[in-house]
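The values are calculated or read from the model by the stated rules, or taken from the named source; none is laboratory data. It should be emphasised that the depicted structure is a prediction, and the values quoted were computed from it without experimental measurement. Cβ placement follows ideal geometry from the backbone for every residue including glycine, while neighbour counts extend to all protein chains displayed. Quick note on the areas: whole protein, heavy atoms, side chains included, nothing else; ligands and nucleic acids left out. Shrake-Rupley method; radii C 1.70, N 1.55, O 1.52, S 1.80 Å.
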Amino acid sequence: MATESRVLVLLALAANSLIAVLKFIAAAISGSSAMLAEAFHSVADSGNQLFLLRGTAASRYAADVRHPFGRGKELYFWSFMVAVFLFVGGAVVAVIEGWERFRHPEPPDDLWLNLGVLAVAAAFEIFIAFLPAVREFNRRRAGRKIWATIRDSKDPALLVVLFEDTAAVLGLVFASVGIIIAHVTDDGRWDGITSIVIGVLLAMTAWVLAHETKALLVGEGASRRDRAAMRSAALRVPQVETVGNLLTMQLGPNEILVNMEVDFDPGLSGDELEQAIDAVETAVRAAVPAASRIFVEPETA
């Protein structure tokens, strides 16, 4: 995981841990189901950041006999676990709590306490976690379409923080609206409905994260842009005539396994062919620095 992504995870962990404590205190005092759902949401987010930090540490282990290509995919596994934990620990709990409050409504007390805690949580969430994640995402996006950037991203840590923080900000908005409506109407069912809405929001976030990390976990290839750069770099080597099959697999955010069939000039001697292969590897690595493991299969007429 890139240094920038690790900093984002640490910032999100600090913010969510503090926010979770404040929300639990407010939920205990006011009895608000929506506030309790938000508290569990923050706990789930904090656990998710710990998962990402664990995945980061494990993905840096050196290659060995059992893991000849390293353990970069550890980060993808723990990112997938984030989606599972977010669904079970956040969405399911919020929906169950909301349904119970809807069936047995009690108007929440201490409106201003709840709104004050949500305002403080929003400040921490937006300025400490959400805005830094958006800035980093826009830097990597470099003018491309948002969804295309999400699909091409190979760094799940950035996606997890970005989606979690987006869901957190929306959840705070929903919780505030629900608590205000419940207070104005003196109808506690709105508090339960709000909790259910937050649960559905978390479930949707978990599904998107699971979908994106699953592709990386099972062996997604490099992006189209990186594959084009690899092919172009190989063709610029004078001894190369054509490039055949180009197979890639993302081993980690900054690690790509590359296997390419290359047709070389048939007049090359053995030593010249070996030098040409080295030249192809050097050119590909220069064009795509993440191409850490390159295997060239020479084809000569």
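How tilted is helix 33-59 with respect to the longest principal axis of the chain? Cα atoms for both, answer in degrees (0 to 90, nearest 10). So the helix axis and the longest Cα principal axis differ by about 20 degrees. The residue among GLY244, ALA62, SER79 whose Cα reaches farthest toward the positive pole of the charge dipole of the chain, with charges on the beta-carbon of Lys, Arg, Asp and Glu, is SER79.
Expressed as a fraction of 2.2 N^0.38 Å, the C-alpha radius of gyration for the chain is 1.27.
3J(HN,Hα) along segment 200-207: 5, 4, 5, 5, 5, 4, 4, 5 Hz, from the Karplus curve 6.51 cos²θ - 1.76 cosθ + 1.60 with θ = phi - 60°, whole Hz, x for Gly and Pro.
Taken over segment 228-296, the ratio of Cα radius of gyration to 2.2 N^0.38 Å equals 1.06. Highest mean packing first, where packing is the average number of other Cβ atoms within 10 Å per residue, the peptides 200-207, 282-289 line up as 200-207, 282-289. Computed from phi, the 3J(HN,Hα) profile of segment 282-287 under the Karplus parametrisation 6.51, -1.76, 1.60 (θ = phi - 60°) reads 5, 5, 5, 5, 5, 6 Hz, with x in place of Gly and Pro.
For the modelled label position 7 Å from the Cα of ALA28 along Cα-to-Cβ, which residues of segment 35-67 have backbone nitrogen atoms closer than 17 Å? 35-43, by backbone N distance to the label point. Amide H contacts for VAL262 (H built 1.01 Å from N in the peptide plane; partners 5 or more residues away or on another chain; cut-off under 5 Å): GLY244, GLU297, GLU299.
Express the accessible area of the chain per residue in Å², computed with a 1.4 Å probe while the remaining protein chains stay in the model.
Details: 14140 Å² over 301 residues.
The answer is 47 Å² per residue.
By how many degrees, 0 to 90 and rounded to 10, does the Cα axis of helix 93-103 deviate from the longest principal axis of the chain? Taking the Cα atoms of the chain, the angle to 93-103 is about 30 degrees. Around the amide H of ARG71, modelled in the peptide plane, lie the amide H atoms of TYR61, all under 5 Å away and 5 or more residues distant in sequence or on another chain.
Could you calculate the contour length gain from ALA286 to GLU241, that is, 0.36 nm times the residue separation minus the distance between their Cα atoms, to one decimal place in nm? If you can, show how the numbers build up before the last one.
Working: separation 45, 0.36 × 45 = 16.20 nm, distance 1.97 nm.
Fully extending the segment from ALA286 to GLU241 adds 14.2 nm.
Sorting the segments 27-34, 185-192 by their mean number of nearby beta carbons within 10 angstrom, highest to lowest, gives 27-34, 185-192.
Backbone amide hydrogens, once placed in the peptide plane, bring ALA291 within less than 5 Å of ILE256, excluding anything fewer than 5 places away on its chain. Here the accessible area of segment 1-40 is 76 percent carbon and sulfur, with a 1.4 angstrom probe and all protein chains present.
Counting only lysines at least 8 places from LYS154 when in the same chain, those with an alpha carbon closer than 28 Å to its own are LYS73, LYS145, LYS214.
A Cβ-based charge dipole, computed about the Cα centre of the chain with Lys and Arg at +1 and Asp and Glu at -1, lands at about 320 debye.
Across segment 29-132, the convex hull enclosing all Cα atoms gives 105 Å³ per residue.
Regarding segment 145-301, what's the average projected area of the Cα-atom convex hull, expressed in nm²? Walk me through the numbers on the way to the answer.
On the way: hull surface 43.3 nm².
For the Cα atoms of segment 145-301, the hull's average projected area reads 10.8 nm².
Placing unit charges on the Cβ atoms only, positive for Lys and Arg and negative for Asp and Glu, gives segment 237-283 a dipole magnitude near 240 debye about its Cα centre.
What value, in deg cm²/dmol to 500, does the helix sum -39500 (n - 2.57) over DSSP H runs of n ≥ 4 give at 222 nm once divided by the residues of the chain?
Values: 11 runs with 200 residues, N = 301.
Using -39500 (n - 2.57) per qualifying helix, the result is -22500 deg cm²/dmol.
A straight line joining the Cα centroids of segment 24-72 and segment 256-284 runs 44 Å.
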